[in-house]
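S.K.: Got a structure for you, written out below as structure tokens; questions coming shortly.
The values are calculated or read from the model by the stated rules, or taken from the named source; none is laboratory data. The shown structure was predicted, so the numbers you read here are calculated from the model rather than taken from an experiment. Quick reminder, even Gly has a Cβ in these numbers, built from the backbone with ideal geometry, and neighbours come from all protein chains shown. Surface accessibility is based on the protein's heavy atoms, side chains included, excluding ligands, DNA and RNA. Shrake-Rupley method; radii C 1.70, N 1.55, O 1.52, S 1.80 Å.
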Amino acid sequence: MSRIGKKPIALPSNVTLSVDDQNVVTVKGPKGTLTQSVDPDISVAIEEGQIQVTRPTEQKRHKAMHGLYRSLVSNMVQGVSEGFKLDLEVIGVGYKASVANNVLELQLGYSHNVYLAVPSEIKVTAVTEKGQNPKVYLEGSDKQLLGDVAAKIRSLRKVEPYKGKGIRFIGEEVRRKAGKSSSKK
């Protein structure tokens, strides 16, 4: 039983939703426009100011698609109305982050600087305060794209468990390991 799929999605007043004959959902709002192709069996309709996603049968495949597309449409509505934010922290001695023309430049202890071109849909800022670790802030309306960009940035220097150096989300708990200990007799 899909509990997520049955929940209606509240449609804010400044957001418009349209579904064309190929079952492509388009959501427009103050933060931009997003489109998503929906499975032909799943129907999306607006009823009394709320978006309702329905499935034709109780097949396992339809139940899975029901919850999936309801979540995708909900994320689209939230993205174009409020937007999404992800905050990353760069931890390590000599690690630095800066942004110029939507290109993120990172110094991560390699012999060279790492340059990452961020898609134009994502707004990226890097802040370095004295005595603090550099922070990278990502903002955008597309949750999927935002997560992909954050995962790509994190993969440039994964958090290592011994010293905790690397790129992580702010507030993320990293499981630390004890290093070598000398045996004393």
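S.K.: Go through segment 19-65 and give me each residue that's within 26 Å of residue 123 (Cβ to Cβ) and without any contact (Cβ under 8 Å) to a residue 12 or more places away in the chain.
M.R.: Answer for segment 19-65, where residues must be within 26 Å of residue 123 (Cβ to Cβ) and without any contact (Cβ under 8 Å) to a residue 12 or more places away in the chain: 26, 35.
S.K.: Just need a number here: residues in segment 44-55 that are in contact with a strand residue (DSSP E or B) (Cβ under 8 Å, 6 or more places away or on another chain) and surrounded by fewer than 16 Cβ atoms within 10 Å (Cβ to Cβ).
M.R.: Final tally of qualifying residues: 5.
S.K.: Further, regarding this structure: Could you please give the count of residues in segment 158-185 that are open to solvent by less than 50 Å² (accessible area, probe 1.4 Å), of a type in the set (A, V, I, L, M, F, W, C) and either farther than 25 Å from residue 126 by Cα or modelled with pLDDT of 90 or more (or both)?
M.R.: Taking segment 158-185 as the starting set, the residues that turn out to be open to solvent by less than 50 Å² (accessible area, probe 1.4 Å) are 159, 161, 164, 166-168, 174.
This time we only want the ones that are of a type in the set (A, V, I, L, M, F, W, C), so: 159, 167, 174.
This time we only want the ones that are either farther than 25 Å from residue 126 by Cα or modelled with pLDDT of 90 or more (or both), so: 159, 167.
Here the count works out to 2.
S.K.: What are the residues in segment 128-137 that are at pLDDT 95 or above and over 17 Å from residue 166 (Cβ atoms), if any?
M.R.: Listed by number, the list holds a single entry, 137.
S.K.: For residue 12, state whether it is open to solvent by less than 80 Å² (accessible area, probe 1.4 Å), touching a residue at least 12 places away in the same chain (Cβ under 8 Å) and closer than 27 Å to residue 122 by Cβ.
M.R.: yes
S.K.: Every residue in segment 1-42 that is among the small types (Gly, Ala, Ser), modelled with pLDDT of 90 or more and in contact with a Lys or Arg (Cβ under 9 Å, 6 or more places away or on another chain), please.
M.R.: Of everything in segment 1-42, just one residue is among the small types (Gly, Ala, Ser), modelled with pLDDT of 90 or more and in contact with a Lys or Arg (Cβ under 9 Å, 6 or more places away or on another chain), namely 18.
S.K.: Filtering segment 83-121 down to residues that are among the β-branched types (Val, Ile, Thr) and not in a strand (DSSP E or B), which residue is least open to solvent (accessible area, probe 1.4 Å)? Break it down into steps so the answer makes sense when it comes.
M.R.: Taking segment 83-121 first, the residues among the β-branched types (Val, Ile, Thr) are 90-91, 93, 99, 103, 114, 118.
Now drop any that are not not in a strand (DSSP E or B), which leaves 93, 118.
On the way: 93: 143, 118: 14 Å².
Restricting to residues being among the β-branched types (Val, Ile, Thr) and not in a strand (DSSP E or B), the top hit is 118.
S.K.: Follow-up question, since we're still on this one. Would you pick out the residues in segment 56-70 that are open to solvent by 40 Å² or more (accessible area, probe 1.4 Å) and either under 20 Å from residue 15 (Cβ atoms) or small (Gly, Ala, Ser) (or both)?
M.R.: Matches in segment 56-70: 64 only.
S.K.: Name the single residue that is least open to solvent (accessible area, probe 1.4 Å) among those in segment 136-157 being over 19 Å from residue 113 (Cβ atoms) and assigned to a loop (DSSP other than H, G, I, E, B). Working first, answer last.
M.R.: Taking segment 136-157 and keeping what is over 19 Å from residue 113 (Cβ atoms), we get 137-148, 150-151.
Subset that is assigned to a loop (DSSP other than H, G, I, E, B): 141-142.
Numbers: 141: 19, 142: 53 Å².
My answer is 141.
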